[in-house]
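The values are calculated or read from the model by the stated rules, or taken from the named source; none is laboratory data. Note that the coordinates shown come from a computational prediction; the quantities given were computed from them, not determined experimentally. When we count neighbours, we look across all protein chains shown, and the Cβ atoms used for this are built from the backbone with ideal geometry, even at glycine. Accessible surface is based on the protein model in full, side chains and every heavy atom, while ligands, DNA and RNA are left aside. Shrake-Rupley method; radii C 1.70, N 1.55, O 1.52, S 1.80 Å.
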Amino acid sequence: MLLDTVSSEVLFCREFFGVDIFSSIFGNIVQICEDMLESQMANCYDCVGAMLMLVVVDQDVSIMNKRGITSLDPYLARSTKCILSRLLYLLDT
């Protein structure tokens with residue numbers, strides 16, 4: 001849902017305002033999503049679930065690249081890093 005909303009809003013703002021005002025519109029929402037992900041990953045002990053999450057985030061990156069929307073790239077990169085670090089921790093223990 002976040003991908004679709006961001007895509008449509010970014011495209012609208014580019015056409016209507018002529019600029020990309022992503023951070024002023026979605027900054028708080030993205031921060032909440034990051035906080036929730038970090039909270040969930042801190043309590044995650046499921047390697048398969050973490051691997052599936054990595055696949056989903058990778059697909060999200062691919063979708064956003066096809067749409068030409070780069071606004072979520074930093075969020076998706078941080079999500080990948082968070083999930084991957086937890087997965088590596090779980091595999092090491």
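Using protein chains only and a probe of 1.4 angstrom, how many square angstrom of R86 are accessible, to the nearest 10?
40 Å²
Tally Lys/Arg at +1 and Asp/Glu at -1 over every other residue whose Cβ is under 13 Å from the Cβ of C44; what's the total? Mind dumping the intermediate values first?
Numbers: positive: R86; negative: E38, D46.
That sum, taken over residues with Cβ under 13 Å, equals -1.
Suppose each label sits 7 Å from its Cα in the direction of the beta carbon; what would the D46-S62 distance come out to in nanometres?
Simple spin-label model gives 2.2 nm for this pair.
Quick one: net charge of K66's neighbours, Cβ under 14 Å, K/R +1, D/E -1?
Neighbour charge sum, excluding K66 itself: -3.
I need the calculated FRET efficiency for the pair L84 and D35, taking r as the beta carbon distance and R₀ as 22 Å, to the nearest 0.05.
Values: r = 18 Å, r/R0 = 0.82.
The pair L84/D35 has a calculated efficiency of 0.75.
Compute the length gained on full extension between L91 and V19: take 0.36 nm times their separation in residues and subtract their Cα-Cα distance, giving the result in nm to one decimal.
Taking 0.36 nm per residue and subtracting the Cα distance, the gain is 21.5 nm.
In square angstrom, what is the accessible area per residue of the chain with a 1.4 angstrom probe?
Accessible surface, normalised per residue, equals 66 Å².
How much of the accessible area of the range 1-53, in percent, comes from carbon and sulfur atoms when a 1.4 Å probe is used? If you can, show how the numbers build up before the last one.
On the way: 2320 of 3670 Å².
Here it works out to 63 percent.
Just to be sure I understand, if you calculate Rg/Rh (Cα atoms, Kirkwood Rh) for this structure, which of (i) 0.96; (ii) 1.04; (iii) 1.08 do you get?
(ii)
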